[in-house]
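Take a look at the structure below.
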Amino acid sequence: MLAKVLFLLFIIHSSHQSSLPSDPTYKAAVVEFNFGLVQELNAADRTKANLDKYIKLMEEPENDIDIIIFPEMTFNRMETAAEIPEPSEKVAPCDSDKYTEDNVAKKMSCSAKQYGRYVVANMITKAKCPDAEMTENVDPRDCKKREDGFSYYNTNVVFDRDGVVISRYRKFNLFGEEVDKPFKPQMATFTTDFGVKFGHFICFDLMFRYPAVELIRNHNVTDIIFPTMWFSEAPFLTAVQAQQNWAHSHNVNLLASGANFPAIGSTGTGIYGGNKGAYAMEMGGDNKTSVLVATVYKKIKENEDVTIEHKITKYTKNEMKTLKLKRDQLDVYDMTFLNDTDGIHSNEMKVCHGTTCCNIKVNYTIQNSATRKHYQYVMAFNHGQRTFDGFANGGIVACSILACSNNTKAGCGVRDENLENIHQWTSVEIDGKFPTKDEQFLYMPTSLDTSILPLQPEQFEYIVAHNENEDVIAIKLNGNAENLLAFGIYGRDFNLDVNGASGITVSISLILFAFLAIFKLM
């Protein structure tokens, strides 16, 4: 009898075999979740339907998954906001009578415990106003004006293998959500039993110094968790392009879980190994839910000889045309158009804005240009301020070649599936001097092809030399790359940021419906 019991315990333990602190790797899963807009369901029924799908997805990955990440804003809404315990309380809602059986936090906690893995679920949460964080930060909000006495947040909730809430993060850089903005950005971290310290934030946070960049620079974080509902924008800010570029720039692991609804531009999920590129990446034009799994190396040293196998689902430009793309505000860029006639060509552009300088040199060959409808290319540069859909103004730095649908600025950053890429690139070399004073800048390699995916690191060289108050950065194309839409250096100048410049606050549902109306899908 004792032997049978021991054998049963061995089977149960083996089914949830976890990575150890001494292991060089851990196993991660990220979910791309299709949510759509199911109008016939009320908020409670939609939340229950999503919860059932979440728990079903928990069953699918291999048993040795250490951590699974779900995306932003695909779970619940304000009407079904969840109360969760403070991480300092070390409570597992699954084991607490305080939480009813149908409570979403309790069900996710029980699922994490059942499958023995860390779970990161983004959800709308609510907390009595004021709560401990508001009091600690001397938040000036007037709680007396709250009819129900609650604050509401877009929140990452982290459960450990026993279902205990061990960390939470409330989104600071809002993109129009009708929730409260924390008074100060939180530096949210947690350390796992397999020896990895994670930081986490949400979607639009990726574009700012606080909390995203600060977590890396000053909080000893090696791995980042990133739930997102990204609205892709050509040519520099499509979803997996932005994810990979950010991970490459900081040389950290990034686990990105994306909401899926291509009709409004939302898709893009991946697991990235810093400047080694993507372990797994998916971005498509179809409505679907999928789970990407990868065995992730813990912190990779700069010169460590580690090769990452890229498991990338790549679609044709025609298959990607159902993914709606916004367009960057490119009309203010300095641009020089390249020659698009037959022959061997060389072009060069040198331009500075203050202390920021950009140099671009290209060599290429064109054949049969008169008989083929084709993209034209520009050398482009800008260091200035832009708006992010009216929800914030931000400083950007861009030095790049770009594909254009015609020979006007208005055609740049515009995708056209009827056009060919006829430029055969012999060489593309881009470099410049970029200010770094007070750590108020972030620079990244950037690239995009017609499948709306970035190039992988072996396809280019990216070198940064740090000098006092400036970086000298160079990026060079390795060999020929087909179907390029963009290639260069893209960065942020946080000195020029004005968060919430428009004062707009609307619900995420209104954002979704606005996109549907714009794209004539209603």
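The values are calculated or read from the model by the stated rules, or taken from the named source; none is laboratory data. Everything numeric here is computed off the predicted structure, so don't read it as measured data. With ideal geometry, Cβ positions are generated from the backbone for all residues, glycine too; neighbour counts draw on all protein chains shown. With ligands, DNA and RNA removed, areas are computed over all heavy atoms of the protein, side chains included. Shrake-Rupley method; radii C 1.70, N 1.55, O 1.52, S 1.80 Å.
Remarks
- Just one of the listed residues (Val293, Val240) is among the aliphatic types (A, V, I, L, M), in contact (Cβ under 8 Å) with a residue 60 or more places away in the chain and open to solvent by 30 Å² or more (accessible area, probe 1.4 Å), namely Val293.
- Checked against (1) open to solvent by less than 10 Å² (accessible area, probe 1.4 Å); (2) among the aromatic types (Phe, Trp, Tyr); (3) within 24 Å of Gly274 (Cβ to Cβ), Tyr210 meets all criteria but (1).
- In segment 22-52, of all residues being of a type in the set (Phe, Trp, Tyr) and modelled with pLDDT of 90 or more, the one that is farthest from Asn76 (Cα to Cα) corresponds to Tyr26.
- Count of residues meeting criterion [surrounded by fewer than 19 Cβ atoms within 10 Å (Cβ to Cβ) and either among the hydrophobic types (A, V, I, L, M, F, W, C) or modelled with pLDDT of 95 or more (or both)] in segment 437-450: 1
- If the condition is being over 17 Å from Gln244 (Cβ atoms) and open to solvent by 50 Å² or more (accessible area, probe 1.4 Å), then segment 473-482 contributes Lys476, Asn480, Glu482.
- Filter result for Tyr377 (closer than 23 Å to Lys317 by Cα and among the aromatic types (Phe, Trp, Tyr)): yes
- Restricting attention to segment 379-391, the residues that are in a strand (DSSP E or B) and open to solvent by 30 Å² or more (accessible area, probe 1.4 Å) add up to 3.
- Taken over segment 170-188, the criterion of being of a type in the set (D, E, K, R), under 19 Å from Pro87 (Cα atoms) and surrounded by 19 or more Cβ atoms within 10 Å (Cβ to Cβ) is satisfied by Arg170, Lys171.
One line per residue, one yes/no per condition, for (1) under 26 Å from Gly265 (Cα atoms); (2) hydroxyl-bearing (Ser, Thr, Tyr); (3) surrounded by fewer than 16 Cβ atoms within 10 Å (Cβ to Cβ):
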position	(1), (2), (3)
His374	yes, no, no
Asn393	yes, no, no
Ser405	yes, yes, no
Cys412	yes, no, no
Arg415	yes, no, no
Asn421	yes, no, no
Val428	no, no, no
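- Residue in segment 425-446 that is of a type in the set (Ser, Thr, Tyr), more than 15 Å from Asn245 (Cβ to Cβ) and touching an Asp or Glu at 6+ places or on another chain (Cβ under 9 Å) present: yes
- Within segment 330-354, considering residues that are assigned to a loop (DSSP other than H, G, I, E, B) and open to solvent by 60 Å² or more (accessible area, probe 1.4 Å), the one farthest from Tyr377 (Cα to Cα): Gly354
- Helices (runs of 4 or more DSSP H) wholly inside segment 33-145 containing at least 1 residues that are open to solvent by less than 80 Å² (accessible area, probe 1.4 Å) and free of Cβ contacts under 8 Å to residues at least 24 places away in the same chain: 43-59, 104-115
- Lone unmet requirement of (1) among the polar types (S, T, N, Q); (2) over 16 Å from Asn34 (Cα atoms); (3) touching a strand residue (DSSP E or B) at 6+ places or on another chain (Cβ under 8 Å) for Thr316: (3)
- Strands (runs of 3 or more DSSP E) fully within segment 417-502 counting 2 or more residues that are among the β-branched types (Val, Ile, Thr) and touching a Lys or Arg at 6+ places or on another chain (Cβ under 9 Å): 424-435, 470-477
- Within the option set Ile312, Ile224, Ile271, being β-branched (Val, Ile, Thr) and surrounded by fewer than 23 Cβ atoms within 10 Å (Cβ to Cβ) holds for one residue only, Ile312.
- Filter result for Phe204 (at pLDDT 95 or above and either touching a Ser or Thr at 6+ places or on another chain (Cβ under 8 Å) or surrounded by fewer than 21 Cβ atoms within 10 Å (Cβ to Cβ) (or both)): no
- Verdict on Asp334 being farther than 17 Å from Pro235 by Cβ, over 27 Å from the mean Cα position of the chain (by Cα) and of a type outside the set (Gly, Ala, Ser): no
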